[in-house]
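To start, the structure under review is shown below, and the notes come after it.
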Number of protein chains: 2
Amino acid sequence: MAKARHSRFDCNPGCSVEAAIGLIDGKWKSIVLWHLLGGTMRFNEIRRTMLNCTPRMLTKQLRELEEDGLIVRKVYAQVPPKVEYSLSELGRSMEPILSALKRWGDANIGLYGKPQGHDPREAT
Amino acid sequence: MAKARHSRFDCNPGCSVEAAIGLIDGKWKSIVLWHLLGGTMRFNEIRRTMLNCTPRMLTKQLRELEEDGLIVRKVYAQVPPKVEYSLSELGRSMEPILSALKRWGDANIGLYGKPQGHDPREAT
DNA sequence: CTGAATCCATAATGATACTG
DNA sequence: CAGTATCATTATGGATTCAG
C-alpha cells in the first residue's frame, strides 16, 4: 500500500465504494487485473492484449497496482530480462468485482461481436 | 448513450471490462450511483453526501451519467427549482458491480470505523 | 435551489526515441 | 525483453463568481 497515493477518501470515512474504485480506475488497471486472473503474465504479454497502451503507461499502471498490493512483480536475474506479473491474494479477491464488470459489459455493451476472445479462465 | 464520449474501447472489441469501468470511473460517479441505489435524490442532497465535490464537478458527473443512460434527470418547472435524479433501469443493473465494490472496500479498506452511515438500502 | 461561466493547477495520457 | 527519458497534449479537478 506504500504511501497514500489515494487522497480520494473524501466522500466520507465509510465510503468503501470510493476506496475500491480508486484502486482500479486508470485507463488500464482493470484490464490488467482481468487478464491476470488467467494466470501469470510477462510484460510484453500483457502489452499485446492492449496494443494502444504504451510501455510507459503500462509500467505506471503496473507499478501502482503493485504499490496497492494487488499484483506481484517477480524479476528473474537473467539476460534477456524476464519479469512476471501475477495477482496477489488481495488482487485475486477482486475477482467478484472484475467478474461483475465483465458480465455487465457483456450484457450491456457487448455489441462488438462475441464478448470474449480471451476469457482468462481459459487462458494458460 | 449520446455520442461516443468513450473512446476507450481500445483494448479489443470484446473487452467489456473496459467498457464497463469506463462508465463509472471519474472521481464521483460510482459514489453517486451507489447513493442513488437508495432512491431518488435531489442535487444538493447528493452534494451533501460528498462535501468535497464542487457543484461544477457534480453537475458534470451527473450529466455524463445521464448521457450514458445510467441515471434519469427530472426537472420540476417551479420556483425554486427542483431537480431529481434517479437510476434508470440500466443504472440499476449495475447494482452487482456497486455491491461488489462496496463489499470489497468494506472487507479490505474498511479501516475507518463502521463501514456505513449511509447504506442506501436503508435510506428513504 | 440548481446550476452555468470563467480561470487555473495539476494529473493523466500519449508519441517518440533510447537503453541495459 | 522490459523498461526509461523527454516532450507535448489533454483531461480532470478545483476556486470563485454569477444567475434564473
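Every number here is computed from the coordinates shown, using simple stated rules; none is lab data. This is a predicted model, so every value here is computed, not measured. All Cβ positions, even for glycine, are placed from backbone atoms using ideal geometry, and neighbour counts span all protein chains on display.
The Cβ shell under 13 Å around residue A:41 holds other residues with a net charge of +4, Lys and Arg each +1, Asp and Glu each -1. Across the stretch A:32-44, rounded Karplus estimates of 3J(HN,Hα) from the backbone phi angles (6.51 cos²θ - 1.76 cosθ + 1.60, θ = phi - 60°) give 4, 4, 4, 5, 6, 4, x, x, 4, 9, 8, 3, 5 Hz, Gly and Pro being marked x. Computed extension gain for residue B:63 through residue B:78, at 0.36 nm per residue and net of the alpha carbon distance, reaches 3.3 nm.
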